[in-house]
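Structure first, then comments.
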Amino acid sequence: MATERMADESRMPPPRPLDAIDRAILRMLRTDGRASIRSVAERVHISRANAYARINRLIEDGVIQGFGARVDMERAGQGAAAYITLKIVQNSWRTVREQLEELPGAAHIALVSGDFDVLLLVHTEDNRALRELVLTRIQAIPEVLSTRTLLVFEETDLWPEDPAEA
């Protein structure tokens, strides 16, 4: 998976600056990824051909990496969530990332600075599954030196405002 990511990134054109219309399109698609080209064009006041071309360019440039659904994890049976901080062996980021990507429920992985090296967001069925994930899967990774688990009591995703109101 990481090898595919690096190969894809090496084929990407250099990033182009985004203008106000590009940013408005991105805000709209983050709010409603199913929006039609026609509605995008109308909301940002451009032609359908221009909207189509801009969206395709954003996809080709790697700005838009895909389309997906926002899921209420609790209603989807994933009622426990936690941020897990990891201290890892120096220079093992790529190896650790590949293993974390394979974990069930891994939602977000970030290499960070500070008192720990990696911040991992996971969603699991319950606290028993979370405990199992941390103690038997994450702590079994040889490059992981230590972990700290921060339970999430409530989550709120912040999405950009409606581009028509911006």
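The values are calculated or read from the model by the stated rules, or taken from the named source; none is laboratory data. This one's a predicted model, so the numbers in the text were calculated from it and none came from an experiment. Heads up, the Cβs are rebuilt from the backbone with ideal geometry, glycines too, and the neighbour counts pull from every protein chain shown. The accessibility values were calculated without ligands, DNA or RNA, using every heavy atom of the protein model including side chains. Shrake-Rupley method; radii C 1.70, N 1.55, O 1.52, S 1.80 Å.
For region 99-122, taking the residues that are acidic (Asp, Glu) and exposed (fewer than 14 other Cβ atoms within 10 Å of the Cβ), the one that is farthest from Glu74 (Cα to Cα) is identified as Asp115. Checking every residue in region 61-77 against the condition of being open to solvent by 50 Å² or more (accessible area, probe 1.4 Å), farther than 30 Å from Leu103 by Cβ and modelled with pLDDT under 95 gives zero matches. Looking only at residues in region 18-42 that are among the basic types (Lys, Arg) and closer than 22 Å to Gln65 by Cβ, which one is most open to solvent (accessible area, probe 1.4 Å)? Looking at residues that are among the basic types (Lys, Arg) and closer than 22 Å to Gln65 by Cβ, I get Arg34.
Taking each residue of region 80-99 that is touching a residue at least 40 places away in the same chain (Cβ under 8 Å) and looking for partners that are of a type in the set (Phe, Trp, Tyr) and not in a strand (DSSP E or B) with beta-carbon atoms closer than 6 Å, six or more apart or interchain, yields Thr85/Phe116; Lys87/Phe116. Just a yes or no: is a residue in region 123-131 buried (at least 18 other Cβ atoms within 10 Å of the Cβ), over 30 Å from Ile25 (Cβ atoms) and in contact with a strand residue (DSSP E or B) (Cβ under 7 Å, 6 or more places away or on another chain)? Within region 123-131, one or more residues are buried (at least 18 other Cβ atoms within 10 Å of the Cβ), over 30 Å from Ile25 (Cβ atoms) and in contact with a strand residue (DSSP E or B) (Cβ under 7 Å, 6 or more places away or on another chain). Are any of the residues in region 81-99 closer than 20 Å to Ala140 by Cβ, in contact with a Ser or Thr (Cβ under 9 Å, 6 or more places away or on another chain) and among the basic types (Lys, Arg)? Yes; the residues of region 81-99 include at least one that is closer than 20 Å to Ala140 by Cβ, in contact with a Ser or Thr (Cβ under 9 Å, 6 or more places away or on another chain) and among the basic types (Lys, Arg).
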